[in-house]
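The values are calculated or read from the model by the stated rules, or taken from the named source; none is laboratory data. All figures in this text were calculated on a predicted structure; none of them were measured in a lab. Here Cβ is always computed from backbone atoms with ideal geometry, including for glycine, and neighbour counts include all displayed protein chains. Just the protein is used for accessible areas: all its heavy atoms, side chains included, with ligands, DNA and RNA removed. Shrake-Rupley method; radii C 1.70, N 1.55, O 1.52, S 1.80 Å.
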Amino acid sequence: MKKGLIFDMDGTLWDSSENVAASWTEKIRELGIDMPDITQKDVMGVMGLTMDRIADIIFKGFSKEKRMELLDACCIHENDYLRDHGGELYPDLEKTLVKLSESYGLYIVSNCQKGYIEAFLEHYGFDRYFADIECYGNNLKEKGDNIALLAKRNGLDKAWYVGDIQGDYDATMKAGLDFIHSAYGFGTIKQTVPELKQFSDLPQLMKKLDK
């Protein structure tokens with residue numbers, strides 16, 4: 001039986017919000033856009049949403065076309081910025097990934113733009129731990145569809161999705177997988193689900209769940 005763990009990015013593997021805010025502010029200043037600096041709080045408020053929803057919120061004072069134009073420019077710059085600067089990894093992340101990879105295939109599905117996951121993998125050299133990735137920016141599909149797509153593409157007989165917000169849980173249910181809540185992340189879950197207080201607890205939790 002082929003088993004896998006599929007991870008969300010923000011609030012699960014790392015917190016990139018401070019550097020995302022810095023990169024976006026840098027870009028809008030470069031473009032001469034008259035608006036306040038984009039703050040870490042602003043970014044944290046939209047983490048996990050699809051790119052079109054993020055554009056509607058962050059650039060709400062602009063036309064629909066201009067919102068997406070600005071977001072696209074910020075995201076391209078963001079990918080380059082994160083590839084150079086990284087973000088804040090959750091404690092013992094790499095050591096835990098090494099342990100998990102002994103028993104499971106590891107994957108990432110995110111609502112991010114194309115290139116965001118790759119920037120994370122390249123900055124830390126984590127390509128060797130993850131067998132496959134998928135995101136909204138690649139195909140404009142919702143997270144539930146992409147979780148199901150990745151699980152099918154990799155022939156997973158059993159898989160869990162690890163995420164931090166209600167939308168992650170809802171997407172996982174749509175995909176027909178089991179869900180694990182990264183409770184140290186950005187959100188809460190209404191339902192009672194297996195919960196991680198810290199990422200490094202995951203190998204021990206899997207001993208209980210995978211019987």
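For the chain, with the dipole built from +1 on Lys and Arg beta-carbon atoms and -1 on Asp and Glu ones, taken about the Cα centre, which of 74, 146, 93 lies farthest toward the positive end?
So the residue furthest toward the plus end is 146.
Picking from 79, 19, 138, which is most flexible by a Gaussian network model of the chain using Cα springs under 10 Å?
Greatest mean-square fluctuation among the candidates belongs to 138.
Taking R0 as 22 Å, what FRET efficiency do you get between residue 29 and residue 72 from their Cβ-Cβ distance, rounded to the nearest 0.05?
Numbers: r = 17 Å, r/R0 = 0.77.
That pair, residue 29 with residue 72, gives E of 0.85.
Based solely on C-alpha atoms, express the radius of gyration and the Dmax of the chain in angstrom.
Looking at the chain, its Cα Rg and Dmax stand at 17.0, 57 Å.
What number results when the radius of gyration of the range 83-159, computed over Cα atoms, is divided by 2.2 N^0.38 Å?
Numbers: Rg = 12.9 Å, N = 77, 2.2 N^0.38 = 11.5 Å.
In units of the globular-protein estimate, the range 83-159 measures up at 1.13.
As a test of the formula, what do you get for the chain when each DSSP H run with n ≥ 4 contributes -39,500 (n - 2.57) and the sum is divided by the residue count, at 222 nm and rounded to the nearest 500 deg cm²/dmol?
Working: 10 runs with 99 residues, N = 211.
After summing the helix terms and dividing by the residues of the chain, the value is -13500 deg cm²/dmol.
If the viscosity is 1.306 mPa s and the temperature 10 °C, what Stokes-Einstein diffusion coefficient in µm²/s follows for the range 150-211 when Rh is the Kirkwood radius over Cα pairs? List each step's numbers first, then the result.
Numbers: Rh = 12.1 Å.
The estimated diffusion coefficient comes to 131 µm²/s.
Check residue 178: other-chain or 5+ apart residues with amide H under 5 Å from its amide H, H built from backbone geometry?
Placed amide hydrogens put 159, 161 under 5 Å from residue 178.
Counting only Cα, what are the radius of gyration and maximum Cα-Cα distance Dmax of the range 14-59, in Å?
Taking only Cα atoms of the range 14-59, I get Rg and Dmax of 10.4, 31 Å.
So which GluC sites (Glu not before Pro) in the range 69-158 pass both tests, a DSSP loop state and at most 10 other Cβ atoms within 10 Å of the Cβ?
Details: sites: 69, 78, 88, 94, 102, 118, 122, 134, 142; in loops: 102, 142.
Taking the range 69-158 and a limit of 10 other Cβ atoms within 10 Å, the loop GluC sites (Glu not before Pro) found are 102.
Report the rotationally averaged projected area of the range 49-131 based on its alpha-carbon convex hull, in square nanometres.
Details: hull surface 24.3 nm².
So the mean shadow area of the Cα hull is 6.1 nm².
Given a 1.4 Å probe and every protein chain left where it sits, what share in percent of the accessible area of the chain is carbon and sulfur? Please list the in-between numbers first.
On the way: 4860 of 10040 Å².
In the chain, the share of accessible area belonging to carbon and sulfur is 48 percent.
Largest first and in whole Å, give the semi-axes of the range 107-147's equivalent ellipsoid, each being the square root of 5 times a Cα gyration tensor eigenvalue. Numbers along the way, then the final one.
Details: eigenvalues 70, 24, 7 Å².
Value: 19, 11, 6 Å, ordered largest first.
With θ taken as phi - 60° and the coefficients 6.51, -1.76 and 1.60, list the Karplus ³J(HN,Hα) couplings across the range 45-62 in order, rounded to whole Hz; mark glycine and proline as x.
Per-residue couplings from phi come out as x, 10, 4, x, 7, 5, 4, 5, 5, 4, 4, 4, 8, 6, 10, 4, x, 10 Hz.
Connecting C-alpha atoms closer than 10 Å in a GNM of the chain, tell me which of 115, 176, 32 has the biggest fluctuation.
32
Accessible area per residue, 1.4 Å probe, Å², for the range 40-126: what's the number?
Details: 4150 Å² over 87 residues.
I get 48 Å² per residue for the range 40-126.
If you take the Cα atoms of the range 1-120, find Rg, then find the Kirkwood Rh from the mean of 1/r over all pairs, what is Rg/Rh? Display every interim value, and only then the final one.
Values: Rg = 15.9 Å, Rh = 15.4 Å.
For the range 1-120, the value is 1.03.
Would you mind telling me which residue in 193, 109, 20 has the biggest mean-square fluctuation in a Gaussian network model of the chain, where springs connect alpha carbons within a distance under 10 angstrom?
Ranking 193, 109, 20 by mean-square fluctuation puts 193 first.
Roughly how big is the chain's charge dipole about its Cα centre, with Cβ charges of +1 (Lys, Arg) and -1 (Asp, Glu), in debye to the nearest 20? Present the calculation step by step, with values, prior to reporting the outcome.
Working: 26 positive and 36 negative charges, 179 e Å.
Computed about the Cα centre, the dipole is about 860 debye.
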